[in-house]
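These notes are about the structure you will find just below.
The values are calculated or read from the model by the stated rules, or taken from the named source; none is laboratory data. Worth saying up front: this structure is predicted, and the values here are computed from it rather than measured. Methodologically, a virtual Cβ is constructed for each residue, glycine included, from the backbone with ideal geometry; neighbour enumeration extends over all protein chains shown. Surface accessibility is based on the protein's heavy atoms, side chains included, excluding ligands, DNA and RNA. Shrake-Rupley method; radii C 1.70, N 1.55, O 1.52, S 1.80 Å.
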Amino acid sequence: MGLPGRPPKPRELRALAGNAGHRSMDEDPPKPKAGRPPKPELVEDDPVASQEWDRVIPLIEAMRILGEEDGTALAAYCILYSRWTQAEKQVQTSGITITVVTGTGVRVVKNPAVTIAEKALSQLAGFIAEFGLSPQARSRINVKKAGKAGQGKVALFPGKPAN
């Protein structure tokens, strides 16, 4: 998120595609340590963010893609979620526009809460994709059922076995 250019293809995807660019591939790519990250104090102190943390953790764990090191990104997602909901509530209360009194008279301007909500929602979209929380993102995750060969491996394409 936030880096320029196209994101790099995962090693497994390059291997499946035949590594057309002939770039060297890591033989032992980093593997995240599976587990639930502790809830940060910043999230704990925000009731909406804390509730979202508690709601989303089991969903991500069920996809078996959550690692202990995901705590910071998950905290950012929850704080942004809280900010977005707070701004949307303000827009519902005050409206899309507000009236301001200036030295030259009265003007109707865009409610600043609209801008806050738009920016938070835009940033949330990136985290939603990163954590597989949208239908499109989930369609790219295919975890084999327990008890089968290759248990816990993620296939990059639905219907194709994981290597």
Revision key, fill the gap. If we ask which residues in the range 97-120 are in contact with a helix residue (DSSP H, G or I) (Cβ under 6 Å, 6 or more places away or on another chain) and either at pLDDT below 95 or not aliphatic (A, V, I, L, M) (or both), their number turns out to be 1
Exercise for review: Among what's in the range 81-106 and is touching a residue at least 12 places away in the same chain (Cβ under 8 Å) and touching a strand residue (DSSP E or B) at 6+ places or on another chain (Cβ under 8 Å), pick the residue that is most open to solvent (accessible area, probe 1.4 Å).
Suggested key: Ile96
Check your understanding: Hey, among the residues in the range 57-80 that are open to solvent by less than 70 Å² (accessible area, probe 1.4 Å) and of a type in the set (Asp, Glu), which one's modelled with the highest pLDDT?
Key -> Asp70
Study note, to complete from the structure: The one condition Gln92 fails out of (1) over 18 Å from Ser134 (Cα atoms); (2) modelled with pLDDT under 95 is (2)
Check your understanding: Is it the case that Pro37 is in contact with a helix residue (DSSP H, G or I) (Cβ under 9 Å, 6 or more places away or on another chain), open to solvent by 90 Å² or more (accessible area, probe 1.4 Å) and either at pLDDT 90 or above or closer than 18 Å to Glu130 by Cα (or both)?
Key -> no
**Study point:** Conditions (1) open to solvent by 80 Å² or more (accessible area, probe 1.4 Å); (2) modelled with pLDDT of 90 or more; (3) of a type in the set (Asp, Glu); (4) under 22 Å from Gly126 (Cα atoms); number of the one not met by Glu44
**Key:** (4)
